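See structure below.
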Amino acid sequence: MKHLKKLGIISFVLVVILSSCKKNEPSPIQSTVVPPVVLSDNDNLLMGNPSNAIGSLDSPTNYLIQKGYYSLSYNSFRGEPNWVSWHLYQSDLGSSGRSTSIFFPDSVYLPVSWYHVTDASYTGSGFDRGHNCPSGDRTSDTAANGFTFVMDNVIPQAPYQNENTWANMENYIRTQVYAGDEAYIIMGSYGIGGTGNNGLVQTINNGYVTVPATIWKIVVLIPNGNGDLSRITASTRVITANIPNSNAVNSNWKIYRTSINSIEAATGYKFLTALPVAVQTALKAEIDNQ
């Protein structure tokens, strides 16, 4: 059924302790992992795996994690995701709101031998704990929302950029989903050095977390329906933005729109690889002007 999110991949239970939790004390996360199934409509990686990430200890800078609510490539050298990919439709947008304000280290999916970034890693850094898959895209229930607060979904993001420019883009995408579209979204970052409340900074947390210079997002929008890959054509709307990680950015995210080709050139990734080559070529050159 279309609106059962990633059934058979992963089920999660997030137990959020409210009044009994000490400040900044993470709530426990329990998970049951089952073997993945063949990609189908609504899968987070239906458009492709941009960096060919794999879930192997031999791939510490491009480690694939699939959580059901989103999939990502994790870079243990940078202490953050290279990119996060997710599918969004109206049933993901409920009334649960933010289930927590506490961010959690990933004690389930990251190898225990790797450094685990925590909520405290960002304290005093001058940067927000910036969601990749946003809290607002996972409000169907508290478990879905809680998993957006796991630290491997987070980057150091300049507060003004995060709370204004980026938030405006996120809200715009959700309005399109409320209006009848579904979205395949990929967000990532690259480069070193962003300008937050403490000025230009290259790393935080004693060098364990890299501050990216630029943050990008690619959104494929199609009307609600089935057989998603077959419904994407050369005229499908694609929104791509590439925004400096700086407090000095404009709040109007639309002025930062660009093409997928430009993101590929900057990152070395390949996007929309599940689509026919002719469709890829057309969509990658598109610069949205709606």
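The values are calculated or read from the model by the stated rules, or taken from the named source; none is laboratory data. All figures in this text were calculated on a predicted structure; none of them were measured in a lab. Here the Cβ is made from the backbone with ideal geometry for all residues, glycine too, and neighbour counts use every protein chain on show.
Please indicate, with yes or no, whether at least one residue in region 113-121 is among the hydrophobic types (A, V, I, L, M, F, W, C) and surrounded by fewer than 19 Cβ atoms within 10 Å (Cβ to Cβ).
Checked region 113-121: at least one residue is among the hydrophobic types (A, V, I, L, M, F, W, C) and surrounded by fewer than 19 Cβ atoms within 10 Å (Cβ to Cβ).
Give the number of residues within region 215-247 that are over 20 Å from E286 (Cα atoms) and free of Cβ contacts under 8 Å to residues at least 60 places away in the same chain.
1
What are the residues in region 262-290 that are of a type outside the set (S, T, N, Q), in a helix (DSSP H, G or I) and over 19 Å from the mean Cα position of the chain (by Cα), if any?
The answer is A265, V277, A278, V279, A282, L283, K284, A285.
Any idea which of (1) in a loop (DSSP other than H, G, I, E, B); (2) touching a residue at least 40 places away in the same chain (Cβ under 8 Å); (3) closer than 23 Å to N164 by Cβ is the one I186 doesn't satisfy?
(1)
Being closer than 19 Å to L221 by Cβ, of a type in the set (S, T, Y) and surrounded by fewer than 15 Cβ atoms within 10 Å (Cβ to Cβ) narrows it down to one residue among T258, T273; which is it?
The conditions single out T273.
Write out, first by first residue and then by second, each pair whose Cβ atoms fall under 8 Å of each other, whose residues are 6+ apart or on separate chains, and whose first residue, in region 52-75, is surrounded by fewer than 17 Cβ atoms within 10 Å (Cβ to Cβ) and outside any strand (DSSP E or B) while the second is basic (K, R) and modelled with pLDDT of 95 or more.
Once the first residue is surrounded by fewer than 17 Cβ atoms within 10 Å (Cβ to Cβ) and outside any strand (DSSP E or B) and sits in region 52-75, its partners that are basic (K, R) and modelled with pLDDT of 95 or more give T61/R78.
Run down Y208, Y190, Y184 and say which single residue is among the aromatic types (F, W, Y), more than 17 Å from the chain's Cα centre (by Cα) and either within 22 Å of L72 (Cβ to Cβ) or at pLDDT below 95 (or both).
One residue alone meets the criteria, Y208.
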